[in-house]
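First comes the structure, then the notes that go with it.
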Amino acid sequence: MIYFHVDLDAFFASVEQLDNPELRGKPVIVGARPGTRGVVSACSYEARSYGVRSAMPIGEAVRRCPEGIFLPVRMKRYMKVSQQLMEVFSSFTPCWIPISIDEASLDMTGTEALFGSPEEAAIKLKQRVKEIFDLTLSIGIAENRYVAKLASEYRKPDGLYRVLPGEEIPFIDALGLKKLWGIGAKTLNRLTELGWDTPAKIRDLPLRVLQVRLGKALGDFLYRIVRGIDPGIYTDGVKSHSLSQETTFPIDVGDPKILKQTLLELSHQVIFRLHRENGRSRTVFIKVRYPDFTTRTFRRTLAHSILSAEELFHLGWELFRQNHPLGFEIRLMGIGLEQVETNEGPLQGELFPREYDKQRLVEKVIFELQTKHPSLSLKKASLLSPPLNSPES
């Protein structure tokens, strides 16, 4: 098996630099406006050299990088570029999973006759993206999706690294626990307190010991990843009958303002894809993963189709508030639609106007205009600045 993990470098900031070449080489910070209580959505590598990171409060980003160029999130533009990039990825293999707006996992098994060795295929993919979009991406290659993801981070930006069969454990050991995807600061501190501060020390422990001391979910996860075994991080990825988007936070998050902003952006990504597929659905679900890796999914089915990002967001937030323990931090949040059907005829059971009809029509018009005219920078006002400054409702 050969898997590529493809990760666009500083995607939001890179698109801003692509659209405005004068920003190249400068510290670009995409997110909330300075002076608000929002956060950084993304930043260029120039800004990262000042210590700016995603999910950082915007005030802290201003303090660390006062000369930074602060820009609002243009989600429609990023989604349009993402859609075009995914089409390029799909031209290399029919077996691929979009992980997020700027990441994808490609099953490249059996493509050697078309593109050469895995390294040659990766170089061709990087060249194609550079020629078409003038963007760079990092590619990790391995025999499973988890190790490929780690490899994609190994030589960022514009990286390419392959972990050969049999080299997974040495690669894991060279990275150390801090750089293993899925181990956050709190988990790392807990492991250090227990004296389990290297992958090798965790490998020496029986599975039962890990489960008893850390909980079954986290114990199982650690037991697998220190051996370079895929813990199944993408097994519940996008399927033909569902559409979903999710994000893993760099640090565990409990701030409702950050969570609401994240959920709103993810909702717009899901509805954009729903429009692109000309689909409809009546079932919304949210996915929440806690610091101990316990993962829960909550669903609600309505009598009518969900066709507005604003409605999807409000439904998802209601589900979250009803089921999420107050004050608990989370490491991952996702939202999606299940039982998606092709919208081939008039919607049934919707004879009267509904609360979100106007938003649905506006979003549909924006989608159609953006599809026909990619250079247009149309954006809903709710995404121009953090929608989270109003009191909690």
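Observations
- Residue that is surrounded by the fewest Cβ atoms within 10 Å (Cβ to Cβ), among those in the range 85-103 that are among the charged types (D, E, K, R) and not in a strand (DSSP E or B): GLU87
- Those helices (runs of 4 or more DSSP H) lying entirely in the range 112-168 with at least 2 residues touching an Asp or Glu at 6+ places or on another chain (Cβ under 9 Å) and not hydroxyl-bearing (Ser, Thr, Tyr): 118-133, 145-154
- If the condition is being more than 24 Å from LEU180 (Cα to Cα) and not small (Gly, Ala, Ser), then the range 242-257 contributes LEU243, ASP255, PRO256, LYS257.
- The helices (runs of 4 or more DSSP H) found wholly in the range 203-322 and carrying at least 3 residues that are within 21 Å of the chain's Cα centre (by Cα), modelled with pLDDT of 85 or more and surrounded by fewer than 22 Cβ atoms within 10 Å (Cβ to Cβ) occupy 256-276.
- Qualifying residue in the range 50-70 (condition: within 24 Å of ASP158 (Cβ to Cβ), crowded, with 21+ Cβ neighbours inside 10 Å and within 16 Å of the chain's Cα centre (by Cα)): no
- With respect to being loosely packed, with under 15 Cβ neighbours inside 10 Å and within 20 Å of ILE258 (Cβ to Cβ), ARG24 falls outside the description.
The values are calculated or read from the model by the stated rules, or taken from the named source; none is laboratory data. Since the model is a prediction, treat every value here as computed from it, not as a measurement. FYI the Cβ positions are ideal-geometry reconstructions off the backbone, even for glycines, and counts take in every protein chain you see.
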